[in-house]
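Have a look at the structure below before the remarks.
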């Protein structure tokens, strides 16, 4: 059995059936030119039938070869060729010329020749508000003493009490870990004199990450009552952020496409295709109170629990895209 292999260098991929005999039928086709789903492919649209041109590169340099142009073609149908999309009957063209009676196709071609394409780059932004599900608190114990050893030991005792109190207030699901430790001299500088060390300062910081946001105020109160003297801010974030990020990205994409359509309408045309899309940014903005510091913690009373309002979290996204616009002259 003889087998046949066909390799076509065009942009449209083909799959060839292997047969013992190729049945070809020469026909005359009259219709108008159109593009295929695959880039670089061409069809002849003849009434309700489509013919896939297997050798369009042979005619693409002709001035009349353009989308919508009326043509008459002679060639053979290739029943042994199957395309990936099977968009039309495979048709190998021997000769092709503009159609004298293809008024509709020529009118479409004339309309097409009066139009031009241009590319625009636009961006779309969006902000999605979501309810935070995680709180992060940074708590510090700062001690000072003339002796470095005494400053360190006092800090260790108070830090241990603070950690115990915080864990009890936050509950079993919270994560408490050391985030920083520092021991340094307290130095006094006087003009014309060498620096004088008057004492030492020890600092131990722990970070509390918790999902029960209703306990944030209680954790702060417990820490201050146990000996913490600095709260380096409280922030709220979103661990399970995928749905909100997806929504922000979709909204930003729609905003960018809307801008491209607005530009196209202003030019009297339409968006023919989206060439490229890039995600420029997608960032959750944590709610952060940087001013929640030492003085506020030290002023807290055991009878007055610290009020904490969680609020909402902003998740931002930006998309940039390049659109091809078909516009009138």
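Every number here is computed from the coordinates shown, using simple stated rules; none is lab data. Please read these numbers as outputs of a predicted model, since none were measured by experiment. Note that we place each Cβ from the backbone using ideal geometry, even for glycine, and neighbour counts take in every protein chain shown.
How much length is gained if the chain between residue 28 and residue 309 is pulled fully straight, taking 0.36 nm per residue apart and subtracting their Cα-Cα distance, in nm to one decimal? It would help to have the intermediate numbers written out before the result.
Working: separation 281, 0.36 × 281 = 101.16 nm, distance 7.80 nm.
Length gained, residue 28 through residue 309: 93.4 nm.
From the Cα gyration tensor of the range 134-232, with a ≥ b ≥ c the square roots of its eigenvalues, which class applies: rounded if a/c is under 1.5, or else prolate if a/b is larger than b/c, or else oblate? Before the final figure, lay out each step's value.
Values: a/c = 3.34, a/b = 2.57, b/c = 1.30.
Since a/c reaches 1.5 and a/b is larger than b/c, the shape of the range 134-232 is classed as prolate.
How much length would be gained if the chain were fully extended between residue 74 and residue 131, taking 0.36 nm per residue of separation minus their Cα-Cα distance, in nm to one decimal?
Working: separation 57, 0.36 × 57 = 20.52 nm, distance 6.70 nm.
13.8 nm is the gain from fully extending residue 74 to residue 131.
Roughly how many nanometres apart are two label points built 7 Å out from the Cα toward the Cβ at residue 184 and residue 262?
Between residue 184 and residue 262, the label points sit 5.0 nm apart.
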